[in-house]
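The values are calculated or read from the model by the stated rules, or taken from the named source; none is laboratory data. Because the structure is a prediction, the values reported are computed rather than measured. Note that we place each Cβ from the backbone using ideal geometry, even for glycine, and neighbour counts take in every protein chain shown.
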Amino acid sequence: MKVITVLTRKGGAGKTTLLRALVSAATSEGKKCLALDGDPQKALLRWSNRLNYDNPLLEVRNLEDAAALEKETDDAWDEGKTDFVFVDTLGAAGEWADVLAAFSDHLVCPMMLTETDLEITIDTFNWYCGLLDRTENPEDLPTFHVVLARVPSKPSKAMLKVAEKAVKLFPVIDEMFMERKQHADSDMEGLLQDVAEIKRKDPNHLIRTHARYFVEAIEEAKEILEGVIGGKK
Ligand SMILES: Nc1ncnc2c1ncn2[C@@H]1O[C@H](COP(=O)(O)OP(=O)(O)OP(=O)(O)O)[C@@H](O)[C@H]1O
Ligand SMILES: [Mg+2]
């Protein structure tokens with residue numbers, strides 16, 4: 001069982017969307033996922049309640065506070081059926097982040113390609129480096145990876161420059177999380193593979209062909225997930 005926490009001090013960077021894409025990737029491979037919503041806005045929990053989600057491979061639950069992660073992961077571990085625990089968080093700094101880090105295997109930090117996002121990601125990375133400095137057993141800390149997020153298919157020169165800087169500063173996952181309309185559909189209709197299925201059944205041939213865009217999005221998320229769990233500190 002791997003515990004993956006999505007976090008960044010920057011609000012709106014794409015945490016919840018990335019988390020949902022990673023859950024889509026994992027469940028589409030038959031992995032059982034527990035998704036915990038630790039953001040007071042409860043975007044993830046609202047999504048699952050709104051869709052009245054009934055999927056044997058996915059349970060979405062509220063995370064009362066950071067300290068509750070220990071019990072959640074212990075319970076999931078004892079039950080022995082969960083492959084991944086994903087934790088969604090608030091786009092801000094706080095002591096809660098230290099607590100989540102203590103119970104996570106991997107931290108994933110989405111970063112949009114702007115100078116402001118870069119600067120705030122530096123803050124987030126410095127927080128992680130501070131944890132490494134303070135701990136006696138750095139090998140017990142989770143890995144930290146930046147995912148370049150919401151990348152348009154034709155990024156501007158300014159965006160490419162930011163990406164170059166990011167790669168020099170942080171451990172960046174090779175695969176980028178591209179800006180895709182399919183993620184907005186996923187917010188309305190379910191996991192990426194579920195929306196793909198809805199498209200495949202559409203009476204309109206044109207809409208049926210759209211299923212492949214969802215498959216592409218899942219493949220991308222699988223690569224990102226692979227980078228997260230395979231990557232070194
Ligand atoms: N890869 C993407 N492609 C298209 N739209 C995206 C993508 N990532 C995020 N978005 C959109 O950007 C907006 C912000 O994304 P999201 O809610 O995931 O960010 P967040 O970091 O969780 O925000 P918050 O800090 O408020 O929790 C949403 O409208 C979402 O649909
Ligand atoms: Mg969010």
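The table below lists the values:
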| read-out | value |
| --- | --- |
| Number of the condition not met by ALA221 [criteria: (1) in a helix (DSSP H, G or I); (2) within 20 Å of ARG9 (Cα to Cα)] | (2) |
| Which numbered condition PHE86 misses (of (1) among the hydrophobic types (A, V, I, L, M, F, W, C); (2) farther than 20 Å from ALA217 by Cα; (3) within 14 Å of ligand 1 (Cβ to nearest atom)) | (2) |
| Any hit, region 10-21, residues being more than 28 Å from TRP127 (Cα to Cα) and surrounded by fewer than 22 Cβ atoms within 10 Å (Cβ to Cβ) | no |
| Failed item in (1) over 30 Å from GLU189 (Cβ atoms); (2) surrounded by 21 or more Cβ atoms within 10 Å (Cβ to Cβ); (3) more than 16 Å from ligand 1 (Cβ to nearest atom), with ALA66 passing the rest | (3) |
| Matching residues, region 180-192, being away from ligand 2 (no atom under 16 Å from the Cβ) and either closer than 21 Å to VAL228 by Cα or over 19 Å from the mean Cα position of the chain (by Cα) (or both) | ARG180, LEU191, LEU192 |
| Residue check, GLU72 without any contact (Cβ under 8 Å) to a residue 60 or more places away in the chain, more than 16 Å from ligand 1 (Cβ to nearest atom) and either surrounded by fewer than 23 Cβ atoms within 10 Å (Cβ to Cβ) or over 13 Å from the mean Cα position of the chain (by Cα) (or both) | yes |
| Counted residues, region 10-51 - those being on the phi < 0 side of the Ramachandran plot and touching a Gly at 6+ places or on another chain (Cβ under 7 Å) | 5 |
| Qualifying residue in region 89-105 (condition: within 15 Å of ligand 1 (Cβ to nearest atom), in contact with a Leu (Cβ under 7 Å, 6 or more places away or on another chain) and closer than 24 Å to MET178 by Cα) | yes |
| From the options LEU36, LEU51, LEU22, residue that is more than 16 Å from ligand 2 (Cβ to nearest atom) and in contact (Cβ under 8 Å) with a residue 40 or more places away in the chain | LEU51 |
| Residue tally, condition closer than 19 Å to TRP127 by Cβ and either more than 18 Å from the chain's Cα centre (by Cα) or away from ligand 2 (no atom under 16 Å from the Cβ) (or both), over region 145-167 | 4 |
| Considering residues of region 90-108 that are touching a Lys or Arg at 6+ places or on another chain (Cβ under 7 Å) and within 13 Å of THR124 (Cα to Cα) only, the residue nearest to ligand 2 (Cβ to nearest atom) | GLY91 |
| Residue in region 134-160 that is farthest from ligand 1 (Cβ to nearest atom), counting only those that are of a type in the set (Ser, Thr, Tyr) and over 22 Å from LEU22 (Cβ atoms) | THR135 |
| Residue in region 44-62 that is under 21 Å from LEU148 (Cβ atoms), touching a strand residue (DSSP E or B) at 6+ places or on another chain (Cβ under 8 Å) and either modelled with pLDDT of 95 or more or within 16 Å of ligand 1 (Cβ to nearest atom) (or both) present | no |
| Qualifying residue in region 39-48 (condition: touching a residue at least 40 places away in the same chain (Cβ under 8 Å), among the aliphatic types (A, V, I, L, M) and farther than 22 Å from PHE177 by Cβ) | no |
| Positions within region 80-99 being under 13 Å from the mean Cα position of the chain (by Cα) and under 17 Å from ALA67 (Cβ atoms), in sequence order | VAL85, VAL87, ASP88, THR89, LEU90 |
| Candidates THR27, THR5, filtered to the one that is among the polar types (S, T, N, Q), touching a Cys at 6+ places or on another chain (Cβ under 9 Å) and outside any loop (DSSP other than H, G, I, E, B) | THR27 |
